[in-house]
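Input: a single structure, listed below in structure tokens.
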Amino acid sequence: MTSVGSRRPAGDGWWHTGRVGSRKVSPPVFAAILAAHVVIASFTWRDLRSRSADEVRGSKRLWRVASALNTLGSMAYFLIGRRPMD
């Protein structure tokens, strides 16, 4: 345990929560993950824009929100959210 007045070392960044099992993510790795998420989400939104509501399972708005929140939302859209185009 730490004492009441103790502080974290100056080298810790905002991405380090201090919880048990948490890991630091270096800024370049974080930037790469963020860039990949933005690219994947933009492909998802472009695909949603090009399809009619009949070609999408569920609400297009729901899929936009899911893809914006995390990359798993985009993957779910491409796996189960699209109906085959004729």
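Do we have any residue at all in region 66-83 that's touching a strand residue (DSSP E or B) at 6+ places or on another chain (Cβ under 9 Å) and of a type in the set (Lys, Arg)? Yes, the conditions are met somewhere in region 66-83. Which of the residues spanning region 48-59 are in a helix (DSSP H, G or I) and within 12 Å of Arg83 (Cβ to Cβ)? Once the filter is applied, which keeps residues that are in a helix (DSSP H, G or I) and within 12 Å of Arg83 (Cβ to Cβ), region 48-59 yields Ala53, Asp54, Glu55. Please go through region 41-83 and pick out each residue that is more than 22 Å from Phe30 (Cα to Cα), surrounded by 14 or more Cβ atoms within 10 Å (Cβ to Cβ) and of a type in the set (Ser, Thr, Tyr). Within region 41-83, Tyr77 is the sole residue that qualifies.
Any read-out appearing in this document is the output of simple, stated calculations on the displayed coordinates, not a laboratory observation. The structure presented is a predicted model; accordingly, all values stated were derived computationally and were not measured. Neighbour counts run over all protein chains shown; Cβ positions are idealised from the backbone, glycine included.
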